[in-house]
Ligand code: AMP
């Protein structure tokens, strides 16, 4: 039996949440400072800690069977790797931005301008599709200061909150790409048990993602209030009703989105529910 290898960012914005997702999915491992590999002790999988920009190629070449990185990196590296799951963290956008007082007001105004970026491949493709003839200036890091250093008239960079752009007196001209962390898989099936192992990993990851932002609600209630209380619970399919020893009472269980759980609890309490429990959910497997 071969061991599945998954490539993760060794440091950076996606590193912590990638590790948290694997831990939540029940993979047990220790990470020692600066170690480049961690062995999962309860599953046939090794975690390789890599540079974000190397992950798509490692997965494409079959050095890793799976990888977690930003979708923007997959596109920038032109890697031939299927995205098998969007992971709902690391949200950001690749945008073209210009100084607030710039004469560049539309994409068309970018013709004959210089655009500084660390994402030249993605930007080139975007400009080509929009038929804009601009000069792409590749720089690594601190792209936002390129206009003030007169290296370029515009920049193309990743933003999430927009604070860095604002601090550098820049405004968004156009979105180039939306991105989030993604799970990618290799087309090179190195190991004979590859598909079965990936299915097991996917079951866990999908289960954890489905549970995120959901709470489990349990309460006791008079049987006669069931209709009213049921109408107040936006349940997954239908709430679970459990009989209690006292025949006039029942227990109701349901899954409720975290964002509205307290509003629902208040209404349930006002309508006769008691002993209400709000519990975290680790995973939901349909
Ligand atoms: P790193 O540069 O190693 O910290 O990680 C960069 C990755 O994090 C990018 O490839 C994006 O997918 C993701 N990311 C999310 N938000 C941002 C942001 N505001 N700036 C840069 N990268 C971001």
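Every read-out reported here was derived from the displayed coordinates using simple, explicitly stated rules and does not represent laboratory data. All values reported here derive from a predicted model rather than from experimental measurement. For neighbour counting, all protein chains shown are included, and Cβ atoms are generated from backbone atoms with ideal geometry for every residue, glycine included.
Between residue 139 and residue 218, what's the calculated FRET efficiency when r is the beta-carbon distance and R0 is 41 Å? Round to 0.05.
With a Förster radius of 41 Å, E is 0.15.
Helix 120-129: angle to the longest alpha-carbon principal axis of the chain, degrees 0 to 90, nearest 10?
90
Considering only DSSP beta bridges with both partners in the range 21-163, what is the antiparallel share in %, to the nearest 5?
Working: 8 of 15 bridges.
Percentage antiparallel, nearest 5: 55.
What is the spin-label model distance, in nm, from residue 39 to residue 108 if the labels are put 7 Å beyond Cα along the C-beta direction?
6.4
Could you state the angle between the C-alpha long axis of helix 194-211 and the longest principal axis of the C-alpha atoms of the chain, as a value from 0 to 90 degrees rounded to the nearest 10?
Value to nearest ten degrees: 70.
For labels at residue 251 and residue 3 in the simple 7 Å Cα→Cβ model, what's the distance in nm?
That separation, rounded to one decimal, is 4.2 nm.
Along Cα→Cβ, 7 Å out, is where each label goes; now give me the distance between the ones at residue 121 and residue 278 in nm to one decimal.
4.5
Could you order the peptides 31-44, 52-65 from most to least packed, using the average number of other C-beta atoms within 10 Å per residue? Present the calculation step by step, with values, prior to reporting the outcome.
Details: 31-44: 12.2, 52-65: 21.6.
Ranking the peptides 31-44, 52-65 by packing returns 52-65, 31-44.
Taking the Cα centroid of the range 160-202 and of the range 1-66, what is the distance between the two, rounded to the nearest whole Å?
Measuring centre to centre over Cα atoms gives 15 Å.
Restricting to Cα pairs below 8 Å that are 6+ residues apart, what does the relative contact order work out to for the chain? Please round to a whole percent. Present the calculation step by step, with values, prior to reporting the outcome.
Working: 560 pairs, mean separation 56.1, N = 286.
Taking the mean separation of contacting Cα pairs over the length of the chain, I get 20 percent.
Which order do peptides 261-269, 243-251 fall in by mean Cβ count within 10 Å, highest first?
Values: 261-269: 15.8, 243-251: 11.6.
Output ranking for 261-269, 243-251: 261-269, 243-251.
Which percent, nearest 5, of DSSP beta bridges in the chain are antiparallel? If you can, show how the numbers build up before the last one.
Working: 42 of 57 bridges.
Here the antiparallel bridges make up roughly 75 percent for the chain.
Quick one: helix 261-270 against the long Cα principal axis of the chain, what's the angle to the nearest 10°, folded into 0 to 90?
The angle comes out at about 20 degrees.
What ranking do 19, 14, 203 get, fewest neighbouring Cβ atoms within 10 angstrom at the top? Spell out each step's value before the answer.
Values: 19 19, 14 23, 203 13.
The order, fewest Cβ neighbours first, is 203, 19, 14.
For the range 138-246, what relative contact order do you get, as a whole percent, if you take Cα pairs closer than 8 Å and at least 6 residues apart?
Values: 21 pairs, mean separation 12.1, N = 109.
Answer for the range 138-246 is 11 percent.
Could you work out the relative contact order of the range 1-138? I mean the mean sequence separation of Cα pairs under 8 Å and 6+ apart, divided by the number of residues, in percent.
21
When ranked by the protection proxy of mean other Cβ atoms within 10 Å per residue, highest first, what sequence do the peptides 156-162, 91-97, 146-152 form? Before the final figure, lay out the partial values.
Details: 156-162: 18.1, 91-97: 20.3, 146-152: 15.6.
Peptide ranking by packing, descending: 91-97, 156-162, 146-152.
Please label the shape of the chain as rounded, prolate or oblate, based on the square roots a ≥ b ≥ c of the eigenvalues of the alpha-carbon gyration tensor (a/c under 1.5 means rounded; beyond that, a/b larger than b/c means prolate, else oblate). Could you put the intermediate results ahead of the total?
On the way: a/c = 3.02, a/b = 1.59, b/c = 1.90.
Cα axes put the chain in the oblate bin.
Express in nm, to one decimal, how much length is gained between residue 84 and residue 129 on full extension, taking 0.36 nm for each residue of separation and deducting their alpha carbon distance.
Values: separation 45, 0.36 × 45 = 16.20 nm, distance 2.64 nm.
Once the chain is fully extended between residue 84 and residue 129, it gains 13.6 nm.
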